[in-house]
1. Would you grab the residues whose amide H sits under 5 Å from the one on Leu50? Only those 5+ places off in sequence or on another chain, please, with H modelled 1.01 Å from N.
2. Any chance you could look up the accessible area of His158 with a 1.4 Å probe, heavy atoms only, rounded to 10 Å²?
3. Show the residues, 5+ positions off or on another chain, whose built amide H is closer than 5 Å to the amide H of Ile105.
4. Could you tell me which GluC sites (Glu not before Pro) in the stretch 9-88 are loop residues by DSSP with no more than 16 other beta carbons within 10 angstrom of their beta carbon?
Amino acid sequence: MFGAVFQFPEYDNLYCKYCFVHGHDWTSTSGLEEGITQITCKGSQSSRKLIWNFPLETTFKSTSPSGWPQLVVSVYGPDVFGNDVVRGYGATHIPFTPGPHARTIPMFVPESTWRLQKFTSWLLGRRPEYTDPKVVAQGEGREVTRVRSQGFVTVSFHIMTKDMKKLGYDTGPASPANTQSATSGWSTEEQPINM
């Protein structure tokens, strides 16, 4: 479910922490709700992109679309002194239609408000970061945070849904390419995702 391409032109040796945020009516029935990836380095090709092939399998269950799950991504890497610092935060809703999807998440980092704070945090290797990255998926309390855009993360998903029509939700396309098993109730696109 999770293959990512990171576009941080000035950074290398990055890793990612991820977590899911969802409403109260949602529960995870299998899989991990948070974790950490391996460190990736830029490739030798001309694109010089950071690529992770880090598969996740997570299953959610709910009877209400309220609080639809979101994937929160926090990217970390070393600074010039070797300290692990945050290189970006971002979030995206999990696609609600079955099949392959790609989402490009704009990343941002919190910034100090004063120049003296910026210099001191750079010197000490203690840059501003969120104590709980899940705040990225919520609007509450973020309106007073000063941030700077920094890079992009492209995430690949392959979504399967079950019994959505039984609950009165039609998330599939109107085309015949959407197949549904009569015995299981699972729905997915016929074409697999190619990476």
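1. The list, which skips near neighbours in sequence, is Phe6, Phe8.
2. Answer for His158: close to 70 Å² accessible.
3. Counting only residues 5 or more places away or on other chains, the set is Val153, Thr154, Val155.
4. Details: sites: Glu10, Glu33, Glu34, Glu57; in loops: Glu10, Glu33, Glu57.
Loop-located and lightly packed - Glu10, Glu33, Glu57.
The values are calculated or read from the model by the stated rules, or taken from the named source; none is laboratory data. The shown structure was predicted, so the numbers you read here are calculated from the model rather than taken from an experiment. Cβ coordinates were reconstructed from backbone atoms using ideal geometry, including for glycine residues, and neighbour counts include every protein chain displayed. Each accessible area value is taken on the protein alone, full model and side chains, heavy atoms only, with ligands, DNA and RNA left out. Shrake-Rupley method; radii C 1.70, N 1.55, O 1.52, S 1.80 Å.
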